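S.K.: Here it is: the structure, laid out below.
The values are calculated or read from the model by the stated rules, or taken from the named source; none is laboratory data. Here the structure is a predicted model, which is why all the values come from computation and not from measurement. Ideal geometry is used to build each Cβ from the backbone, glycine not excepted, and the neighbour counts take in all protein chains shown.
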Amino acid sequence: MPIKRWKIGRPDRAAVEQLEKGLGLPKLVAQVLASRGYDTPEKVSRFLAQEQGLSDPMSLKDMEKAAARVRQALEEGERIAIYGDYDCDGIMSTVLLYSYLEALGGEVCYYIPERDREGYGLNRAALELIRREGVSLVITVDNGITAIEEVEFANSIGLDIVITDHHKPREVLPPACAVVDPHRLDDESGCEYLAGVGVAFKLACALEGDDGMMLLDQYGDLVAVATVADIVPLTGENRMIVRHGLEMLQNTENQGLAALIQVCGLGDKTLSCENVAYGLVPRINSAGRFDQVDNAIELFVGGDEEPETLAGSINSLNEKRRQIEDQIVLQIMEKLERDSDTLKQRVIVIYGEGWHHGIVGIVASRLVERFGKPCIVLSLEGDTARGSGRSVEGFSIIDAIDACSQYLVRYGGHNQAAGLTVRAEELEPFIKAINQWAAERFPEMPQQTLRIDCALSPKALTVAALGPLSLLEPFGSGNEVPAFLIPNCVLQGIYPIGDGKHLRLRFCGEDTVFYAVYFGMTQARFPYTVGETVDLAVTVNVSQWNDEMRVSVKVRDIHLTGMDYDQIHHSEEVYQRLQRREPLEPPLRQKVVPTRDDIAAVYRYLRSKGQLQSTDEALYAKLQGDISCLCKMKLAIDVLDEMRLITQRPVGGGRQMNVVPNPARVDISQSKILRALQ
């Protein structure tokens, strides 16, 4: 269980007072805003502005060319194909542009590749099929920016391509009629925050010839769902789009969205980014994961089948996705138990036969959360391995993959998420190369980081104090739900809930007792014990329950009170370097290699317990007076295990250590571990 690095905001007291007095903001709201850099009335007023116009779609590079080519197709009755993607952003982008062009009287169809058979983006076979169907213009949405060879092929068969995308381009752009992507190096629109649906929406606005507010009233719910799904920053224009779209969603006129909201159990709830992200989005994505995108498109554009039936079908796919996801995670954990060297790498790359291509991205995200490292999960089939990578803040997974492109068939993505296909015979060279690239650029790897806005007293866990935080909504990427530090809390109770998948925890701080829920944490993995004093990182929510407004507290992370976590992070990195047999500077090596006295101190403590289940963090807290750093303690445990004075095995979020009774007399100086270190 990785230890996250907390970045705790320290809002300037004078700035907070200025916001309180100048704008009449509640203190906690002012603290959060000041902590996030909105430290003047002018900045806050711009951030909180309820009404602001949409940016000019023509400011996007090539938008004029794109709009002109689409208008020509509409005027001349050409057949137009929308070429989308199978995730929520791609599906909603397809629905939006298909619906809009159809409303203009265009002869329009759509094509979304099968995830399992075709993979992401344009491909030659699909382009040939589209051309045979009489299409002369293809508009890509949420894809196409790296499809240089495919666009060249399209040109050769008389098929024009207009690209709208928001992914990172390569040095050379595809030779399309127009390439609209705010991440182009020559694009000065400032729209790089847009999701794929945002770029598609801008094309519709350009065709409409106005600022887009009327179109937002028609399609704002679709744009909002996809923008939330793609985890783009909810600042500026996106913030306004999502706020407007959430209001539309509450009473959406799109029958498919309304049916899906009901089947998710959200029909009687106030819709927020959080329940859209965890309720609607996974279900829409499930249609793409199991190659049933047509059902999702039909649901939202209004096909022949009843929306309630289609929504129910998509909901059942989501349940299937959960089951397959759990199975893959279980297989991976079994693999890692047999091959601990993989876990020591800077970038964890793991592959298996026949893992579902549509699920491995979610699995990679779970591994990042569990191990605190960039992770790539690949499904091996025949002579290729296809999958997804996810990363931690500060480590660009797409840059790392791009640096190893000689081993790849295709790839694309963002800093935090990417897709790739590797030739099977190149898997091991690829794993070696990506880890070598990481080692050269990150001698000490970036840690998982949790940003905390400010401290919060347990006495402030009231509806009156926390209710005003709703002024900051909508929350999402770039405007996250506020996170608070509640320090010096005594853990008083641990209660499994939700069939043991989550925990309800009782704490006491400042003579105030309160409860918090730790979602996704089981009792077996929970590393803390009743009576320990901890610091909490939490989010809070005020919601209605049985006609009563209540405060709910969610645990994001827990630290033991009084520990130097910067030192712990550094020490853990040094230990990882030693595990990988990387060279270590002599002064640093001297600091972390345990002496005979260090090993004896650890052994005495473990012998006093006989058997101990603990995290390394908690054990180090007990031994700080005797051991100078976490790395030294972990190496001492490894030596004791090697010399058969103790046994150990991973358990939950830590490890279980048992002292061997009546051990044979050993000479610690003969430890292979110590001799290698020295």
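S.K.: Taking the condition surrounded by 21 or more Cβ atoms within 10 Å (Cβ to Cβ), farther than 30 Å from residue 456 by Cα and within 34 Å of the chain's Cα centre (by Cα), does residue 67 pass? Step through it out loud before you land on a result.
M.R.: Numbers: surrounded by 21 or more Cβ atoms within 10 Å (Cβ to Cβ): yes; farther than 30 Å from residue 456 by Cα: yes; within 34 Å of the chain's Cα centre (by Cα): yes.
Criteria met by residue 67.
S.K.: Whether any residue in segment 232-244 is surrounded by 18 or more Cβ atoms within 10 Å (Cβ to Cβ), within 23 Å of the chain's Cα centre (by Cα), β-branched (Val, Ile, Thr) and not in a helix (DSSP H, G or I) is what I want to check.
M.R.: Within segment 232-244, one or more residues are surrounded by 18 or more Cβ atoms within 10 Å (Cβ to Cβ), within 23 Å of the chain's Cα centre (by Cα), β-branched (Val, Ile, Thr) and not in a helix (DSSP H, G or I).
S.K.: Let me ask something else. Taking the options 163, 139, 91, 82, name whichever one is assigned to a strand (DSSP E or B) and either closer than 24 Å to residue 277 by Cα or touching a Cys at 6+ places or on another chain (Cβ under 8 Å) (or both).
M.R.: Working: 163 fails: either closer than 24 Å to residue 277 by Cα or touching a Cys at 6+ places or on another chain (Cβ under 8 Å) (or both); 139 fails: either closer than 24 Å to residue 277 by Cα or touching a Cys at 6+ places or on another chain (Cβ under 8 Å) (or both); 91 fails: assigned to a strand (DSSP E or B).
Criteria check complete, one pass: 82.
S.K.: Right, another one. Tell me whether segment 359-374 contains one or more residues that are within 24 Å of residue 440 (Cα to Cα), in contact with a Leu (Cβ under 7 Å, 6 or more places away or on another chain) and either surrounded by 20 or more Cβ atoms within 10 Å (Cβ to Cβ) or modelled with pLDDT under 95 (or both).
M.R.: The answer is yes; a qualifying residue exists.
S.K.: Right, next: Among the listed residues 127, 96, identify the single one that is of a type outside the set (Gly, Ala, Ser), surrounded by 24 or more Cβ atoms within 10 Å (Cβ to Cβ) and over 27 Å from residue 232 (Cβ atoms). Break it down stepwise before answering.
M.R.: Values: 96 fails: over 27 Å from residue 232 (Cβ atoms).
The conditions single out 127.
S.K.: Within segment 577-614, can you find the residues that are acidic (Asp, Glu) and part of a helix (DSSP H, G or I)? Quick ask: steps written out before the conclusion?
M.R.: Going residue by residue through segment 577-614, those that are acidic (Asp, Glu) are 582, 585, 597-598.
Result: 597, 598.
S.K.: Check segment 511-519 and report whether any residue there is assigned to a strand (DSSP E or B) and of a type in the set (S, T, N, Q).
M.R.: Step one: list which residues in segment 511-519 are assigned to a strand (DSSP E or B), which gives 512-518.
Applying the additional criterion that residues be of a type in the set (S, T, N, Q) yields 512.
Yes: segment 511-519 contains one or more residues that are assigned to a strand (DSSP E or B) and of a type in the set (S, T, N, Q).
S.K.: For segment 94-127, enumerate the residues that are part of a helix (DSSP H, G or I) and among the aliphatic types (A, V, I, L, M). Spell out how you get there, then give the answer.
M.R.: Start the filter on segment 94-127 by keeping residues that are part of a helix (DSSP H, G or I), which leaves 94-103, 124-127.
Answer for segment 94-127, where residues must be part of a helix (DSSP H, G or I) and among the aliphatic types (A, V, I, L, M): 95, 96, 97, 101, 103, 125, 126, 127.
S.K.: Now for a different question. If you scan segment 611-655, which residues turn out to be at positive phi and at pLDDT below 90? Give the steps one after another, and end with the answer.
M.R.: Filtering segment 611-655 down to residues at positive phi leaves 644, 652.
Answer for segment 611-655, where residues must be at positive phi and at pLDDT below 90: just 652.
S.K.: Can you tell me which residue within segment 69-85, out of those that are charged (D, E, K, R), touching a residue at least 60 places away in the same chain (Cβ under 8 Å) and in contact with an Asp or Glu (Cβ under 9 Å, 6 or more places away or on another chain), is farthest from residue 140 (Cα to Cα)? So that I can check it myself, show each step before the final result.
M.R.: Initial filter on segment 69-85 (charged (D, E, K, R)): 69, 71, 75-76, 78-79, 85.
Narrowing the set further to residues that are touching a residue at least 60 places away in the same chain (Cβ under 8 Å) leaves 69, 71, 85.
Next cut, in contact with an Asp or Glu (Cβ under 9 Å, 6 or more places away or on another chain) only: 69, 85.
Numbers: 69: 13, 85: 9 Å.
So the residue we want is 69.
S.K.: I'm trying to understand the selection: among the residues of segment 624-658, which are of a type in the set (D, E, K, R), out of contact with any helix residue (DSSP H, G or I) (no Cβ under 7 Å at 6 or more places or on another chain) and free of Cβ contacts under 8 Å to residues at least 40 places away in the same chain? Can you show your working first?
M.R.: Initial filter on segment 624-658 (of a type in the set (D, E, K, R)): 626, 632, 634, 638, 641-642, 644, 649, 655.
Cutting the leftovers down to out of contact with any helix residue (DSSP H, G or I) (no Cβ under 7 Å at 6 or more places or on another chain) gives us 641, 644, 649, 655.
641, 644, 649, listed by residue number.
S.K.: Also, quick follow-up: Residue by residue through segment 89-115, note down the ones that are closer than 22 Å to residue 242 by Cβ, of a type in the set (A, V, I, L, M, F, W, C) and touching a Leu at 6+ places or on another chain (Cβ under 8 Å).
M.R.: Answer for segment 89-115, where residues must be closer than 22 Å to residue 242 by Cβ, of a type in the set (A, V, I, L, M, F, W, C) and touching a Leu at 6+ places or on another chain (Cβ under 8 Å): 92, 95, 96, 97.
S.K.: Which ones in segment 427-447 are surrounded by fewer than 18 Cβ atoms within 10 Å (Cβ to Cβ) and in contact with a strand residue (DSSP E or B) (Cβ under 8 Å, 6 or more places away or on another chain)?
M.R.: 427
Table: residues versus (1) outside any helix (DSSP H, G or I); (2) free of Cβ contacts under 8 Å to residues at least 24 places away in the same chain.
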residue: 335; (1), (2): no, yes
residue: 352; (1), (2): yes, no
residue: 361; (1), (2): no, no
residue: 394; (1), (2): yes, no
residue: 401; (1), (2): no, no
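S.K.: Starting from residues that are closer than 18 Å to residue 93 by Cα and part of a loop (DSSP other than H, G, I, E, B), keep the ones in segment 184-205 and report whichever is farthest from the chain's Cα centre (by Cα). Please lay out each step first, then the result.
M.R.: Taking segment 184-205 first, the residues closer than 18 Å to residue 93 by Cα are 191-205.
Of the ones still in play, those that are also part of a loop (DSSP other than H, G, I, E, B) are 191-195.
Working: 191: 21, 192: 18, 193: 16, 194: 17, 195: 15 Å.
Looking at residues that are closer than 18 Å to residue 93 by Cα and part of a loop (DSSP other than H, G, I, E, B), I get 191.
S.K.: Here's something else I'd like to know. In segment 545-560, which residue that is in contact with a helix residue (DSSP H, G or I) (Cβ under 9 Å, 6 or more places away or on another chain) and of a type outside the set (D, E, K, R) is surrounded by the fewest Cβ atoms within 10 Å (Cβ to Cβ)?
M.R.: Checked segment 545-560; the qualifying residue surrounded by the fewest Cβ atoms within 10 Å (Cβ to Cβ) is 549.
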